[in-house]
Each structure stands twice: as C-alpha cells, then as structure tokens.
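Read through the structure below, which is laid out as structure tokens, and then see the notes.
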Amino acid sequence: TALASASSSSITGGGNDDLSRGTAGGAALAAALGAEHALLQQQSSVRWGGHEQDCTPEDHTPWTHPCCDGLEKHWFTWHFKCVLPAEEEHQPADQGGEDPEEEQEEEKCTPVDKDPWRTGEKVPCCEGSTSTLVSDKTWHYLCRSTSSAASSRGSDGATVKMNLLNWNVHWTNKDTKGIAEVIKETNPDIVGLCEFTASLSDMAADLTAATGRSFALQPGRGGWQGYGTDIFYDRGKWKALEGGVQTISCPGGQGGDRAANWVVLKDLDHGKLVVTGGVHLSYCAGGCDATHECELGMLYDKLEEMKRKYPKAATVWMGDTNRNMATTIMRNLMQGKIGSRSTIALDDLSQAQGNTYYSGGTPIDHILGEAGKFHRLSGGLTGQGVTGKHLSGADHFPVRALVHYDS
C-alpha cells in the first residue's frame, strides 16, 4: 500500500486523504489528531544516497519521478518499482490477474474494501463509499461503504453529541449569576441542579447570558415539590415534549421531602429522544437502603412511564445520591435492580474521581445513562472548586459527561 512503500512521508492531522509521495527514508507514522484522518505530505525533490535526482533509480518506487533511463516501471505486490527490462521478479499478467497499467486506465472508481492508491495514483472511491484510513500491520486507505458506517451508528444514521452537567448548588444559594459563570466553563446543553431554591426564570436567563445558548426550564416544574434535580436545557438543540416533578415522601427520609424530576427531550437535528431528570436522595449517615429504594422507586415510576410512552427514547438521569459506587444501593442500581424490582441497567457516564462534596470523601454526585445507549467521550469532575471551600455558594463540586448517543 501507499504506506508500505520505500518512500517516506510525514503525517499531520487533516480531514481528507489526498496523498503525495516521495521523500527519502522509511515510512513515518504519527497519530491522527482528534477524530480526523491522517494525510500524507512530501517534499518536491527525491534524494537517494544524499543526492537529488530527477529520475527514480533501480529498485525504488517512482511516485513522483519517472524511472531513470534503461529502467522500466513494473507492478509488484501493492506498488510499482523501477527495474531493468530483464528483471523477472515482477508479477506477470498471467499469474496475477489483469495488468495494473490497463486496470489504471480502465478503472473509473475504486470498489469497496479496495485501496484507492493501489494503482500508484489515487482513483476515487465508487459512489456510496468513502476513503478511510485503516491499519492492519501497516497504515493505508480503503474505500468503506458509507451505508455500512451509517448503520453502525444507528438505524437513522444519526449520532447526537450530548454535554451534561450535574451540580448540587446548596439550598441557601441564590447567586444564579455565579452558578451560571461556573457552568459556562463546561458549556453543557443539559444541566441538572440539585437543591435549587432560587428563581427558576433567573437561572434560565443567566445560563443563557453566560453560555450564549438559549436555556429553558423543563416543563411541568411548577412550584416547590422537594429536593430533586431541576433540568435546564438548550432549546436551540432540544425540544421539550413533556415533563414534570413529583414529591417523594418515604419512611425514614431525612432533611425534608425529596422530588422526582423528569422531562422528554427531542433532538432538533435528528429527532432522537431522551428521557432525563433526576433525584436528590436523603442523607443517612448510617445508611438507609430501604428509604433510598423507596425514593428511587418513585423516580423510576416516572422514568419508566416515559419509556413506555416513548419506546425509542434512551434514559439518562443525574443527581446527588448520597452514595458512592461501591455501596449496595449503587451496585444494584447499575445492574438494573432497586431492591427486588428489576428496571433499567445503567452505565456510569461521569465516572468522577475524587470528592464531589466540598469537605472530601468519595463521589456521591453522578450522571447515569441507560446501559449500552451512550458512548462516553469524557467526563468526571469539572476541575472547579478547592477541597475545604465552597464553590460559588455551593457545597458540592459539579460533575460532567460528554457522550455520543447513537443507539
């Protein structure tokens, strides 16, 4: 292939695969930047033995210069080489199929799963396929079916990037501008706030002003129902179909009523649906599994109701669970169990490391997605806040998750 030749190339990040050939040395490979394909670049002159030449000598590949006098260009496995006319090592037409010179003249496009550079010059991929950089021992390009790539991303070929943030801002905190200034650094399109008791309209307006997005409060929020996870969303990216909040009052609950929030959002670009929301579980110093199972059960009553109504939707919820991932409650929850109840299995999308409560400890604030529905790109603590100090009036630190939703 192009990258297994005797020429050398340097690789830089880029969005196309226009290959140029021909500097001295062996092939050099660097990792492609981001998710972009690598592309090859070369110098305009050819050097062999430290001297520039205007032709390609024997046993070298004539990518940019013709063979020197007395040599002929012949096809070997995956590349051309300049050889003497008596050279017998080349692949005869009757032992290797069609002569590549004739194939180059006749072929108008490169079929699927073939190298568009296999003739020595780029032949565009046939309609319905695209050139893709791949590696199987060596790096090279193959024409891949665009329909296959689309089907691997979901039935509608759509991938939606979601940037979520969850933060317990403390019930006494009324500084909506300060909260928005912290949130803007992550630039999320879905925000969940626990213990939020300030003006809901001010919060949406300040998020809009700080981020440049157009934030709105989830539908059905109404008046105070208890400590839940209020959802704010970018209405330039999402449309809210329905939502609400319901008081949770369970035996053994601590610190006042809890609340279950839920909202169904529709992606404006592709029409993909998500059910989101959350809860703030009671704090019980000695543990209170039965209470937490009751509180979670009431949240899941609403999440599952929305899943039945919108069967194509995936679920992602967030909140302060007052429990880390090693506890029985959280281990069961991730496996799709709340006590004896079977429900939606989850993936930890934030995967926070370190304390989310300001004084220390283990992560107790989470972003949880329906298992297998989201591809996590990054997440964790946002890096804002210093242990031992409140962050803009909040006694917790925010967590985030950047994901692809393509199932």
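The values are calculated or read from the model by the stated rules, or taken from the named source; none is laboratory data. If you're wondering where the values come from, they're calculated on a predicted model, not measured in any experiment. Cβ sites come from the backbone with ideal geometry, for glycine too, and all protein chains shown count toward neighbours. Surface accessibility is based on the protein's heavy atoms, side chains included, excluding ligands, DNA and RNA. Shrake-Rupley method; radii C 1.70, N 1.55, O 1.52, S 1.80 Å.
Brief remarks on what is shown
- VAL279 vs. criteria among the hydrophobic types (A, V, I, L, M, F, W, C), under 23 Å from THR321 (Cα atoms), in a strand (DSSP E or B) and within 24 Å of the chain's Cα centre (by Cα): no
- Qualifying positions in region 243-272 - within 28 Å of ASP406 (Cα to Cα) and open to solvent by 50 Å² or more (accessible area, probe 1.4 Å): LYS266, LEU268, ASP269, HIS270
- Qualifying positions in region 336-360 - out of contact with any strand residue (DSSP E or B) (no Cβ under 8 Å at 6 or more places or on another chain) and over 15 Å from GLY380 (Cα atoms): LYS337, ILE338, GLY339, SER340, ARG341, SER342, SER359, GLY360
- Comparison of GLY319, GLY244, GLY286 shows that the only residue that is at pLDDT below 95 and of a type in the set (Gly, Ala, Ser) is GLY286.
- Single match in VAL275, VAL279 (criterion: among the β-branched types (Val, Ile, Thr), crowded, with 21+ Cβ neighbours inside 10 Å and more than 23 Å from PRO363 (Cα to Cα)): VAL275
- Flag if THR229 is farther than 22 Å from HIS292 by Cα and buried (at least 18 other Cβ atoms within 10 Å of the Cβ): no
- Candidates ALA204, ALA209 - the one that is open to solvent by 50 Å² or more (accessible area, probe 1.4 Å) and part of a helix (DSSP H, G or I): ALA209
Matching residues to (1) closer than 17 Å to ILE367 by Cβ; (2) touching a residue at least 60 places away in the same chain (Cβ under 8 Å):
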| position | (1), (2) |
| --- | --- |
| GLY287 | no, no |
| ALA290 | no, no |
| GLU295 | no, no |
| TYR310 | no, yes |
| VAL316 | yes, yes |
| MET325 | yes, no |
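- Within region 301-407, strands (runs of 3 or more DSSP E) holding 1 or more residues that are open to solvent by 10 Å² or more (accessible area, probe 1.4 Å) and over 26 Å from VAL264 (Cβ atoms): 374-381
- Restricting the first member to region 373-389 and to residues that are basic (Lys, Arg), and the second to residues that are assigned to a strand (DSSP E or B), the beta-carbon pairs closer than 7 Å and six or more apart or on different chains are LYS373/ALA314; LYS373/TYR405; ARG376/ALA401; ARG376/VAL403.
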